[in-house]
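Novice: Pasting in a structure now, in structure tokens, and then I'll have a few things to ask.
The values are calculated or read from the model by the stated rules, or taken from the named source; none is laboratory data. These figures come from a predicted structure and were not determined experimentally. Note that each Cβ is placed from the backbone with ideal geometry, even for glycine, and that neighbours are counted across all protein chains shown. In case anyone asks, the SASA skips ligands and DNA or RNA and just uses the protein heavy atoms, side chains included. Shrake-Rupley method; radii C 1.70, N 1.55, O 1.52, S 1.80 Å.
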Amino acid sequence: MNKLFVPFLPPWVETGLQPAFYDRESGTVLQQVARMYHKVNQLIRNFNELSKETKETVEDYILRFNDLKDFVDDYFDNLDVQEEINNKLDAMAEAGTLADIISQYLNSTAVFGYDTVADMVDAPNLTNGSFARTLGYSAKNDGGGALYKIRTITNDDVIDGTNIIEMNDAGNTLIAELITEPVIFAYDTVADMNDAPNLVSGTYVRTLGYTSIDDGGGASYIITNSNDTADGGSVIDLDSGLQAHLITDVVTPEMFGAKCNGTNDDSIALKKAIAYATTSKKVLQLLEKTYTITSHSQYYFNVHITGDCTVIGAGKDKSIIAVKSDIGGLTHVLNLDHAGNVTLSGFSIDGGIDISDPAYEDGVFCAGIRLDDTDYVTIRDVAVRNTSGYGISLAQGSTQRLVIEDVVVENTGRDGIDTKNFDDSNGVFTFNNVIVRNVGLHIDDGAGTDQCGIDIRCYGANLSNIRCEDMGGVTTGIRARITTEAQGTGGEFNNLNNIVCISKSGEGSEGIALNAKGCNVNNIVVKGFNVGFRATKENVRLNNAYISDCLVSAIRQDADGLVINNITCENINNDSWAMLDVRIGTLMATNVVFGDCKGAVGVADGTVGVYLCNCYLKGTASTRFAFGSYANRTTKIHTNSTCVNITIS
């Protein structure tokens, strides 16, 4: 390839300088052009030669590749595999490795198959620990096929030719012991299982349904001659005198006879299923159906949970427990009584009562879920609707470690969620992503107490992302309180974050009412109540609030030590009270906007001191920035009050 090398042009060609007259490259312009054309011709000739050599090289590679392909194809077409195998086996035999492999096979403990028992008995390769499967006893497929374990005979073994069979081994020390395999019979329903004539103790049964095929009640059972208490699901009495015992890890109410047809009462099946799931530590699965309750067999409680239990449905809009509204009396659909480690998720409870119906009778009381002295309870992805009583109620007692998350409560006669905990310790209550809607419709509860979206009477609860909407009558959105001093600290030191409370058409008592000290409230929107936010106990903190369209006042203070920051209040319509209504104690307010109200600030004569900083009054609020008694408001600064950076527009 060296002959293809073309010398470089002289340096003056690149520099553009005229060569010296004595340079051997010098000459006339025509001479120089001739030399350059000569170089170009050299390049063309070399390129043509290189192209020719490249083409010849590629063609040579193609020929060689085709020769190699023909060789490989011809090799495999004429390859004698059997000869190769024979040669390999001969080599293994000469080396002794083939004998080792055969010996290992003859002494293997694997499962060997034989046509008959006689073939198994004469087999030379069975050793202690081997297993054998026969396809028949005397002849193949005669119905006597079975599984045997080969082992050394003991003094207790009795050779009977059926359960213990003597082997023809060299030392006459081996036997074949019959391994009894479970027989599984299949039936369409529990009734078909009951009518079966061939069931004996130890038999296994599989049903395709309880009452009908694919009704959700299909299950596995073992037949026993026990005399346990039958419940029609986990233990079923058979007409033969035997019993069928349920075998399952996941229980359904259908396994206890729930029909889910909207007519039959499914409450008995629900009770039995939950009782069995609780005692056996099983999971209760609610299918994508409606379970109807048409009666209750005991005062107050319909379905009782008294221990560890997990109830999981297909979703709160898919698995429904529905109560017929005409059952009368008092009932809680689910009652958790001294229960621990309970999870309820993925279903809804429908109390079946329309409180707005004029035909509604006060004597019909139905609540959704009741908790009494529970611990480690989680209620998640659950809805409670249309109850004349509470949606979720914590009875008076000591409830610990409660989580209510992704829950909807709507259309209840009393509180949406009512929490009571008379233990002074922190109950570790966590409410997150909860919607309470249109609750407290049964105004008169006989005690003169307003109803609530969420009524907190527990110490140190944490509420986040809560929405109370369509509050009606004299219903309060969220209230934290203690009922009496003797009942403990109640709702003290609660944390409320990201709260929305909306009343219907100006109705409603109070958006957030804190009759408990030390509560922290952050990021709230309150609209349409008489009073937006009220603190009647000491040391309450409110940050980042928007309060509007209230009939009386946006914020009312009835205790010492209220601190508010980043507040906007507007559209407060009462002519007698103020947007910020300070009745007693001290108040610190910073970054507050007052707008479009008939009175901005009202401070009672008994107030110790008020501190306002960075406050902005706009619209009609500017005409009523008043300190003083309610009977004689003036624009003067109240005694012991300080105003810093107040803007009036």
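Novice: Please list Ser503, Ser240 from largest to smallest accessible area, probe radius 1.4 Å, with all protein chains kept in place.
Specialist: The most accessible residue leads, giving Ser240, Ser503.
Novice: Let me ask you something else. Please give the FRET efficiency for Glu83 paired with Lys149, using the beta carbon to beta carbon distance and R0 = 51 Å, rounded to the nearest 0.05.
Specialist: On the way: r = 43 Å, r/R0 = 0.83.
Efficiency, from the Cβ-Cβ distance: 0.75.
Novice: Lys/Arg Cβ at +1, Asp/Glu Cβ at -1, dipole of segment 131-222 taken about the Cα centre: which of Val200, Asn168, Leu147 is farthest positive-ward?
Specialist: Value: Asn168.
Novice: Just from the alpha-carbon atoms, what are the Rg and Dmax of segment 107-190 in angstroms?
Specialist: Values for segment 107-190 (Cα only, Rg and Dmax): 14.2, 53 Å.
Novice: Now for a separate question. What are the residues whose amide H is under 5 Å from the amide H of Asp215, where those residues sit 5 or more places off or on another chain and H is modelled from the backbone?
Specialist: Tyr210
Novice: Sticking with this structure for a sec: Provide the gained length on full extension for the span Asn198 to Lys69, in nm with one decimal, where the gain is 0.36 nm per separating residue minus the Cα-Cα distance. Don't skip to the end; give the middle numbers.
Specialist: Values: separation 129, 0.36 × 129 = 46.44 nm, distance 6.96 nm.
My answer for the length gained is 39.5 nm.
Novice: Another question, if that's okay. If you count the DSSP beta bridges with both ends in segment 180-257, what percent of them are antiparallel, to the nearest 5?
Specialist: Counting only bridges with both partners in segment 180-257, antiparallel ones make up about 75 percent.
Novice: In segment 128-149, which residues have a backbone nitrogen under 20 Å from the label point lying 7 Å from Asp115's Cα in the Cα-to-Cβ direction?
Specialist: Counting only backbone N, you get 132-148.
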